[in-house]
1. Go through the stretch B:1-21 and report how many residues are closer than 30 Å to B:TYR190 by Cα and within 11 Å of ligand 1 (Cβ to nearest atom).
2. So which residues in the stretch B:22-51 are charged (D, E, K, R), within 14 Å of ligand 1 (Cβ to nearest atom) and modelled with pLDDT of 90 or more, if there are any at all?
3. If B:LYS189 satisfies every condition in (1) open to solvent by 50 Å² or more (accessible area, probe 1.4 Å); (2) in a helix (DSSP H, G or I); (3) free of Cβ contacts under 8 Å to residues at least 60 places away in the same chain but one, which is the exception?
4. Please enumerate the residues belonging to the stretch A:108-138 that are open to solvent by 10 Å² or more (accessible area, probe 1.4 Å) and at the interface with chain B (Cβ under 7 Å from one of its Cβ atoms).
5. Every residue in the stretch B:67-93 that is touching a strand residue (DSSP E or B) at 6+ places or on another chain (Cβ under 8 Å), more than 10 Å from chain A (Cβ to nearest Cβ) and either open to solvent by 10 Å² or more (accessible area, probe 1.4 Å) or of a type in the set (Lys, Arg) (or both), please.
6. State yes or no: is B:LEU130 closer than 21 Å to B:GLY170 by Cα and in contact with a Lys or Arg (Cβ under 6 Å, 6 or more places away or on another chain)?
7. Restricting to strands (runs of 3 or more DSSP E) lying wholly in the stretch B:1-67: which have 1 or more residues that are within 16 Å of ligand 2 (Cβ to nearest atom)?
8. In the stretch B:97-104, is there at least one residue being part of a loop (DSSP other than H, G, I, E, B), open to solvent by less than 20 Å² (accessible area, probe 1.4 Å) and more than 11 Å from every other protein chain (Cβ to nearest Cβ)?
Amino acid sequence: MVIKKIVGPSERLYLSALKGFFEEVAQLTLFTLRFFKQALQPPYEFNELLKQSYLIGYKSLPLIAITGCIMGLVLTIQSRPTLAEFGAESWLPAMVAVSIIREIGPVITALIFAGKVGSGIGAELASMKVSEQIDAMEVSGINPFKYIVVTRVVSATFMLPVLVVMADAIALYGAYIGVNLKGEVSFHLFFLQVFEKLTFTDVFPAIIKTFFFGFAIALISCYKGYNSNKGTEGVGVAANSAVVYGSLAVFILDMAAVQISSLFS
Amino acid sequence: METIVADITNLKKAFGSNHVLKGIDLKIERGENLVVLGKSGSGKSVLIKCLVGLIEPDEGKVILFGKNVFELNDEDLNALRKKVGFLFQSAALYDSMSVRENLEFPLRGLKLKQKELDERVASTLKSVGLEDAIDQMPCGLSGGMRKRVGLARTLMLNPEIILYDEPTTGLDPTTSKEISRLILDVQKKYSAASIIITHDVECARITANRMMIIKDGTAYCEGTFEELETSKDEWVRSFFK
Ligand SMILES: Nc1ncnc2c1ncn2[C@@H]1O[C@H](COP(=O)(O)OP(=O)(O)O)[C@@H](O)[C@H]1O
Ligand SMILES: [Mg+2]
């Protein structure tokens, strides 16, 4: 009687949501372990890895370039008034560069990556599942996990850092344009100021964390696609949750990265 | 030489409270065409997916080429699966690959020379009557052509048993008949055993050496096409109307 009173309908809803959450975490953990097991075991799918790197990396370049440029430009324009108030306008290049390299570049690029690549992987795998293509690979004696999941996750892990470095470079160029909208700073002087301020501890941890961003985005997207429900609506759900949870993972990992790198500095 | 290719005993499978298979026995011999008839949702697809280990049954034994499918390690299971052809209901062509690449895919890892590979692709496509489609993408193919390409892909490994999941569903009557004839041709040419799952009586009439009807998760009755068509059972005869 007592228990019945405490566990009413709404509590039961929370409990089942909680149970669902932990089940999901457990499943994702198993999926991750399976990834490492399969990734380390030969034979390796080099050709497919190259193809995926091309699709995931090269095909994302234009989008990353445009957003990177705008990111640098806007950040500079927005920061100028505050610095001008303190009479510190000459700090503008250095300050913007530090923000871009440390935080804005990696995180914004990763979020865009999650939107483009994550949703693509989620939808593609889910539709392969629905149309029995994954089953078909399995019955022809080819390991679909290795062929589909491992190649995509490895590609994304190594392509996102490359994209971030490019986005950073283009964003700095955008910042240079932004600085020159008012006042005049030569290209040489701008980058002199930037590289004077940037240190190893700005660049290195920021690049390292992007490997984890890429890994998490692709792994979650693959997980959502590979385990999607039957039926065509499963494709939409998989694409959507790939982006949502991929982006969430980026923020969580970023927070962890900030904590860890502050331990060392 | 062993003549029994596949042997299923007392197969049971439930999804939650949905008891799909409730103890099915099935044997198939070399070179035989077995048609499994049953209403939609009666568990026909689940049955053949259990046979190749895509779905794990709750109970029962599945012996394929003398080996218990669910006791093999991954490597042995993959080797065993190379002897099985599976034509999926949707044909399951790989969307991102051309017809040629679809056909080459099952052979990866065999280290064949490109010339040998090309010849094999061309001759297999010819045997399903689709030589011209070699460089097309799957999205440009009609339903009947997709089925043919799917069949060609399963034939690439010279399978000893071929499983057809509703090969004629969704096709017009003429194309259905062509596909049914093709199944017969393949049986002769490759002397493989076939399990053909369908609810299309015309297809069964053309292809069956032996038939089995599934009802309520059990093998309701077995026999030749003529035997079942003239069965005393009202329910069985209702299939043939
Ligand atoms: N992976 C699965 N998970 C849950 N239920 C399934 C699954 N596969 C099949 N079923 C259920 O099993 C029953 C039989 O399905 P199926 O074998 O596809 O029927 P059919 O005879 O039309 O091929 C259906 O009720 C279906 O909902
Ligand atoms: Mg079916």
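The values are calculated or read from the model by the stated rules, or taken from the named source; none is laboratory data. As the structure is a computational prediction, the values presented were derived from the model and not from experiment. Glycine gets a Cβ as well: all are built from the backbone with ideal geometry, and neighbour counts include every protein chain shown. Note: accessible area is taken over every heavy atom of the protein model, side chains too, but ligands, DNA and RNA are not part of it. Shrake-Rupley method; radii C 1.70, N 1.55, O 1.52, S 1.80 Å.
1. 0
2. Going residue by residue through the stretch B:22-51, those that are charged (D, E, K, R) are B:22, B:25, B:27, B:29-30, B:32, B:39, B:44, B:49.
Narrowing further to those that are within 14 Å of ligand 1 (Cβ to nearest atom): B:22, B:39, B:44, B:49.
Matches in the stretch B:22-51: B:LYS22, B:LYS44, B:LYS49.
3. Here B:LYS189 clears every test but (3).
4. A:SER131, A:GLU132, A:ASP135, A:GLU138
5. Pass one, the stretch B:67-93, residues touching a strand residue (DSSP E or B) at 6+ places or on another chain (Cβ under 8 Å): B:68-70, B:76, B:80, B:83-89.
This time we only want the ones that are more than 10 Å from chain A (Cβ to nearest Cβ), so: B:68-70, B:76.
Result: B:ASN68, B:PHE70, B:ASP76.
6. Details: closer than 21 Å to B:GLY170 by Cα: yes; in contact with a Lys or Arg (Cβ under 6 Å, 6 or more places away or on another chain): yes.
Yes.
7. Values: elements: B:4-15, B:18-29, B:33-38, B:59-64.
Of the strands (runs of 3 or more DSSP E) lying wholly inside the stretch B:1-67, those with at least 1 residues that are within 16 Å of ligand 2 (Cβ to nearest atom) span B:4-15, B:18-29, B:33-38.
8. Here is the first cut: in the stretch B:97-104, the ones part of a loop (DSSP other than H, G, I, E, B) are B:97-98.
Applying the additional criterion that residues be open to solvent by less than 20 Å² (accessible area, probe 1.4 Å) yields B:97-98.
Filter once more, keeping what is more than 11 Å from every other protein chain (Cβ to nearest Cβ): B:98.
Checked the stretch B:97-104: at least one residue is part of a loop (DSSP other than H, G, I, E, B), open to solvent by less than 20 Å² (accessible area, probe 1.4 Å) and more than 11 Å from every other protein chain (Cβ to nearest Cβ).
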